[in-house]
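S.K.: Quick one: the structure is below, and I'll ask about it shortly.
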């Protein structure tokens, strides 16, 4: 158990509304990642962080922003949600000195 | 560019059969890591194994075994004597850059394994 929680676990929102998803970890891991999972695409990286206030884009970052003001929290924001952002969102951490990533339980987001 | 291909979208077997899940990868780097993850119907992603590009030794863990062949750019996963609890989506993934912030996992599209009783 890598001590990762995500909130909310489920959310339904309307097109055009802002949405923030939270990833929380309890073990001071430096590296954190946000992925989205869609049928036929596997998981794709949205943004990642390598420290407080240090973030960078992944392959599908358009329409998303992130913030990391403290080690334990990595926030993913959809500024104006669109139906194409309906997905399951996973947060992940990487342990220092390791290469594998450990995932949170996921957030299912539906944009109507 | 780096890419992971899992050509088998769905596989259905009967319990106790052996099954192999295929994974083919593309990378220009000589240093890379390969992974398998399991996603059961409950939805969580479970890390199964990591293999680095310098270690071609096959690995066995109970009923699970992995065959890494650089010559064919493949990292296949075999489940021996499958059980219903093995039913899940299995993802193969690749990291091309060793260490640092750029450890970005590239996932295949997954193989859905259904084990029938």
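Since every read-out is calculated from the coordinates, none of them should be taken as a lab result. These numbers come from a predicted model, not from an experiment. Counting neighbours? That spans all protein chains shown, and the Cβs are built from the backbone with ideal geometry, glycine included.
S.K.: Output the residues belonging to segment B:4-34 that are within 14 Å of chain A (Cβ to nearest Cβ), surrounded by fewer than 12 Cβ atoms within 10 Å (Cβ to Cβ) and assigned to a loop (DSSP other than H, G, I, E, B).
M.R.: Residues satisfying the conditions are B:7, B:9.
S.K.: In segment A:57-81, which residue that is more than 14 Å from residue A:21 (Cβ to Cβ) and surrounded by 14 or more Cβ atoms within 10 Å (Cβ to Cβ) is nearest to the other protein chains (Cβ to nearest Cβ)? Steps first, answer last, please.
M.R.: Here is the first cut: in segment A:57-81, the residues more than 14 Å from residue A:21 (Cβ to Cβ) are A:57-62, A:69-72, A:80.
Filter once more, keeping what is surrounded by 14 or more Cβ atoms within 10 Å (Cβ to Cβ): A:57-58, A:60-61, A:71-72.
Numbers: A:57: 10, A:58: 6, A:60: 12, A:61: 12, A:71: 15, A:72: 18 Å.
Out of the qualifying residues, it is A:58.
S.K.: Looking at segment A:23-40, can you tell me whether even one residue there is more than 13 Å from the chain's Cα centre (by Cα), closer than 23 Å to residue A:112 by Cα, within 12 Å of chain B (Cβ to nearest Cβ) and not in a strand (DSSP E or B)?
M.R.: Keep residues of segment A:23-40 that are more than 13 Å from the chain's Cα centre (by Cα), which gives A:26-30, A:38-40.
Right, trim to closer than 23 Å to residue A:112 by Cα and you get A:38-40.
After this cut, where a residue has to be within 12 Å of chain B (Cβ to nearest Cβ) as well, the list is A:38-40.
Applying the additional criterion that residues be not in a strand (DSSP E or B) yields A:39-40.
The answer is yes; a qualifying residue exists.
S.K.: Mind checking which strands (runs of 3 or more DSSP E) fall wholly inside segment B:40-99 and carry at least 3 residues that are within 21 Å of residue B:12 (Cα to Cα)? Step through it out loud before you land on a result.
M.R.: Working: elements: B:46-52, B:59-61, B:64-69, B:74-79, B:88-95.
In segment B:40-99, the matching strands (runs of 3 or more DSSP E) lie at B:64-69, B:74-79, B:88-95.
S.K.: If residue A:92 passes every condition in (1) within 24 Å of residue B:34 (Cβ to Cβ); (2) part of a helix (DSSP H, G or I) but one, which one does it miss?
M.R.: Residue A:92 satisfies every listed condition except (2).
Listed here are the residues, each with its yes/no results for (1) more than 9 Å from chain A (Cβ to nearest Cβ); (2) within 17 Å of residue A:40 (Cα to Cα).
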{"position": "B:2", "(1), (2)": "yes, no"}
{"position": "B:38", "(1), (2)": "yes, yes"}
{"position": "B:46", "(1), (2)": "no, no"}
{"position": "B:54", "(1), (2)": "yes, no"}
{"position": "B:64", "(1), (2)": "yes, no"}
{"position": "B:71", "(1), (2)": "yes, no"}
{"position": "B:90", "(1), (2)": "yes, yes"}
{"position": "B:104", "(1), (2)": "no, no"}
{"position": "B:112", "(1), (2)": "yes, yes"}
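S.K.: Quick check: anything in segment A:43-51 more than 19 Å from residue B:93 (Cβ to Cβ), more than 11 Å from chain B (Cβ to nearest Cβ) and loosely packed, with under 14 Cβ neighbours inside 10 Å?
M.R.: Scanning segment A:43-51, I find no residue that is more than 19 Å from residue B:93 (Cβ to Cβ), more than 11 Å from chain B (Cβ to nearest Cβ) and loosely packed, with under 14 Cβ neighbours inside 10 Å, so the answer is no.
S.K.: Looking at (1) closer than 16 Å to residue A:100 by Cβ; (2) in a strand (DSSP E or B); (3) more than 16 Å from the chain's Cα centre (by Cα), find the lone condition where residue B:37 falls short.
M.R.: Condition (3) is where residue B:37 drops out.
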